[in-house]
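I have placed the structure first, in the form of structure tokens, so that the comments after it can refer back to it.
The values are calculated or read from the model by the stated rules, or taken from the named source; none is laboratory data. Quick caveat: nothing in here was measured; it's all calculated off a predicted structure. Quick reminder, even Gly has a Cβ in these numbers, built from the backbone with ideal geometry, and neighbours come from all protein chains shown. The protein model used for the area step is the full one, side chains on, heavy atoms only, and it has no ligands, DNA or RNA in it. Shrake-Rupley method; radii C 1.70, N 1.55, O 1.52, S 1.80 Å.
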Amino acid sequence: MYAPKDSLETRTDVLVDAMRAIRLGTFVTFADGAYHATHAPVVVSEADGATTLQTHFGRSNPHAGPTLDDAPSLVIFQGPHAYISPSFYPTKRDTGKVVPTWLYIAVHGRGRLTRRSETDWLEAHLHALTDTHEAPRETPWAVTDAPGDYLRRMRAGIVGIELVAETLSGAWKLNQHKGEADFDGTREGL
């Protein structure tokens, strides 16, 4: 990931918190002479110093195929982002020496895909994913609210995907290099 020096984020706790807040990752894998990209909700877990990203793909998705098992992959989490007009900056009035830019937060995780088809793993993953997203609701839906035979048919149509992050990096391009007045102008403009 390219990130200007003042925008580079390497603190694991900050990166993990961002991935958990963003929740949707884009899994990118090059295999068999083609790129595969799948957008999917992610459960982020940490254990024994490792960060693990878990999701599932539909069995009909070529990205879920057996040839991609153990393939080097990149997962991209795109956080908040916005166009920044030069009009936000007091410097525009003073010198005119400003240009537009785009501010953003992004996290990249790299590792190898592992296909998971064990019923217990898929069951735990689906409960964790659902519980995470339903928790804020007044009346949360639970996986167990659906009929068992329906759940078995739905589960048969997916493949669990797990990636243990070998590296994590982030970019917090938020105008850190700007002076206080232009930084405040950015905040006010947004």
Exercise. Are there chymotrypsin sites (Phe, Trp or Tyr not before Pro) in the stretch 1-104 that DSSP puts in a loop and that have at most 15 other Cβ atoms within 10 Å, and which ones?
Worked result: 2
Exercise. Using the Kirkwood radius built from alpha carbon pairs, what does the Stokes-Einstein equation give as D for the stretch 97-190 at 4 °C and 1.567 mPa s, in µm² per second?
Worked result: 73 µm²/s
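When the helix-only estimate is applied to the chain (DSSP H runs of n ≥ 4, each -39,500 (n - 2.57), divided by the residue count), what is the mean residue ellipticity at 222 nm, nearest 500 deg cm²/dmol?
Rounded to the nearest 500, the figure is -8000 deg cm²/dmol.
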For this session: Determine ³J(HN,Hα), in whole Hz, for all residues of the stretch 167-175 in sequence, where each value follows from phi through the Karplus function 6.51 cos²θ - 1.76 cosθ + 1.60 and θ = phi - 60°; x replaces Gly and Pro.
Result: 9, 10, 8, x, 10, 10, 8, 10, 6
Problem set entry | Simple label model, 7 Å out from Cα along Cβ direction - residue 61 to residue 26, nm | 1.4 nm
For this session: Of the options 64, 104, 127, report the single residue whose Cα projects farthest towards the positive end of the charge dipole of the stretch 48-138 (beta-carbon charges: Lys, Arg +1; Asp, Glu -1).
Result: 104
Exercise. Hey, what's the chain come to in accessible area per residue, 1.4 Å probe, Å²?
Worked result: 58 Å²
Problem set entry | For the stretch 137-179 and the stretch 1-44, distance of Cα centres in Å | 12 Å
For this session: May I ask you to evaluate 6.51 cos²θ - 1.76 cosθ + 1.60, the Karplus curve with θ = phi - 60°, for each residue of the stretch 54-69 and list the ³J(HN,Hα) values in order in whole Hz, giving x for glycine and proline?
Result: 10, 8, 8, 10, x, 4, 7, 6, x, 5, 8, x, x, 5, 8, 4
For this session: With springs connecting C-alpha atoms under 10 Å apart, model the chain as a Gaussian network and identify which of 115, 59, 153 has the largest mean-square fluctuation.
Result: 153
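Based on Cβ point charges of +1 for Lys and Arg and -1 for Asp and Glu, what charge dipole magnitude is obtained for the chain about its Cα centre, in debye rounded to the nearest 20?
Taking the Cα centre of the chain as origin, the dipole is about 640 debye.
Roughly how many debye, to the nearest 20, is the charge dipole of the stretch 1-71 about its Cα centre, given +1 on each Lys and Arg Cβ, -1 on each Asp and Glu Cβ, and no other charges?
260 debye
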Problem set entry | Cα-centre dipole for the stretch 76-125 with unit charges at Cβ (Lys and Arg positive, Asp and Glu negative), debye to 20 | 380 debye
Problem set entry | FRET efficiency, residue 188 to residue 12 (Cβ-Cβ, R0 30 Å, nearest 0.05) | 0.40
Exercise. Quick one: Debye curve from the C-alpha atoms of the stretch 39-153, no solvent, what's log10 I(q)/I(0) at q = 0.20 Å⁻¹?
Worked result: -1.23
